[in-house]
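Enquirer: One structure follows; several queries about it will come next.
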Amino acid sequence: MEYPLVFLLLLDLKADSDVIFTSALLEKEMPLPLPPDLTNRVAIITGASRGIGREVALALAARGCHVVVAAKTVTAHPTLPGTIYTVCSEIESRYPNVKALPVVVDLRNGDACVQAVEETVKHFGRVDILVNNASALWWQNMIDTPTNKYDLINGINARGAFIMTRECMKHMLKNKWGRVVSMGPPLPKSYTEYAGKTAYYMSKCGMSMVALGAAAEGEGSNITGNALWPATIIESLAATNFKLGERDTWRKASILADCVVQLCGDARTTGQTLIDDLYLAKLGMSQREIRETYNLDPSKEVPRFLAPSADGKTSGGDWKIKRGDVKKLQKDLDRGECEALK
């Protein structure tokens, strides 16, 4: 894919640079690069039975990519609709030329992760794209984090992403092409951001590091690795079940899906921890376009709960909110430690 010079200059700026993208730059409208043709590429998306993972799977399939829907859910639950089979059926009914493979995988089981990649290669003959999407949420103080919860979130988030990436990298290096995207945050810049989220950040930043490791070890083999993180709460069953604020402060999951698709065609962006709207802004979308396309309420700007603002005036990530177990949600809400994501 060829980008105009202004895109190349912007994409060369590292996410951890000192450059501040001004509102004037973000409002400058430039054409967004056309989505890449991914015909006959093969992608594994973890946690793709619903929510963000499903949205990513559909977006990649729309570009001609064969999709492996890798998740635990094989039977729909009243509060968690969607299974690996329903998503595969949805993909193949929408895109007849695309094949979708349902694979049962519990990321806590290392052997199951290895088998998922082996099954993918046996079925399709290759694996080109890995999206480490599945993860567990735990926003609690260290003294309120039992060892089994620490093991759970790290087993799914950091360890699971590592094993999946390790197994996929073997084939990407052989084929001299690959894209690894982990849904993980930038490393917090202030120690205060770790309050109530130390174990969570250890696991999620681990996912980010896995992607950056793929970038380093895949350099020279046309393999890129990037972490991707939302600026604010994304519409999902998790956001609903955990009561993560009002819906008019959320964005659609398609913002992350569109970022993943663009990253699959973007060979220059690698080794970065990206924020969804800032990445799209670098590619040419204006703030108005982002708001109208992705905000659940296009008439409103959304608070940046999870990420710094483009002008650097707000840090993000330092809210004081407790979440972790839906069954104990009322207890978390009653603690009164914050106004929950207003």
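The values are calculated or read from the model by the stated rules, or taken from the named source; none is laboratory data. Keep in mind it's a predicted model, so treat the numbers as computed, not measured. Note that each Cβ is placed from the backbone with ideal geometry, even for glycine, and that neighbours are counted across all protein chains shown.
Enquirer: With (1) among the hydrophobic types (A, V, I, L, M, F, W, C); (2) closer than 21 Å to residue 167 by Cα; (3) over 18 Å from the mean Cα position of the chain (by Cα) as the list, and residue 98 as the residue in question, which single condition is left unmet?
Expert: The one condition residue 98 does not meet is (2).
Enquirer: Okay, next question. So which residues in the range 240-277 are farther than 20 Å from residue 36 by Cβ and surrounded by fewer than 19 Cβ atoms within 10 Å (Cβ to Cβ)?
Expert: 240, 241, 243, 246, 247, 248, 252
Enquirer: Let me ask something else. At least 1 residues that are closer than 17 Å to residue 139 by Cβ and either polar (S, T, N, Q) or touching a Lys or Arg at 6+ places or on another chain (Cβ under 9 Å) (or both) in each: list the helices (runs of 4 or more DSSP H) lying fully within the range 155-249 that qualify. Write out each step before concluding.
Expert: Values: elements: 160-175, 198-217, 237-241.
Where helices (runs of 4 or more DSSP H) fall fully within the range 155-249 and carry at least 1 residues being closer than 17 Å to residue 139 by Cβ and either polar (S, T, N, Q) or touching a Lys or Arg at 6+ places or on another chain (Cβ under 9 Å) (or both), they are 198-217, 237-241.
Enquirer: Moving on. May I ask you to list the residues in the range 72-99 that are of a type in the set (Val, Ile, Thr) and either farther than 24 Å from residue 156 by Cβ or in contact (Cβ under 8 Å) with a residue 12 or more places away in the chain (or both)? Reasoning before the result, please.
Expert: Step one: of the range 72-99, the residues of a type in the set (Val, Ile, Thr) are 73-75, 79, 83-84, 86-87, 91, 98.
Residues satisfying the conditions are 73, 74, 79, 83, 84, 86, 87, 91, 98.
Every residue, every condition in (1) closer than 30 Å to residue 220 by Cβ; (2) of a type in the set (S, T, N, Q); (3) more than 14 Å from the chain's Cα centre (by Cα); (4) at pLDDT 60 or above, yes or no:
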position: 253; (1), (2), (3), (4): no, no, no, yes
position: 264; (1), (2), (3), (4): yes, no, no, yes
position: 281; (1), (2), (3), (4): yes, no, yes, yes
position: 290; (1), (2), (3), (4): no, no, yes, yes
position: 333; (1), (2), (3), (4): no, no, yes, no
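Enquirer: Also, I was wondering about something else. All but one of (1) surrounded by fewer than 24 Cβ atoms within 10 Å (Cβ to Cβ); (2) closer than 21 Å to residue 276 by Cα hold for residue 228; state the number of the condition that does not hold.
Expert: The single condition residue 228 does not satisfy is (1).
Enquirer: Would you mind telling me which numbered condition in (1) within 23 Å of the chain's Cα centre (by Cα); (2) at pLDDT 95 or above residue 125 fails?
Expert: (1)
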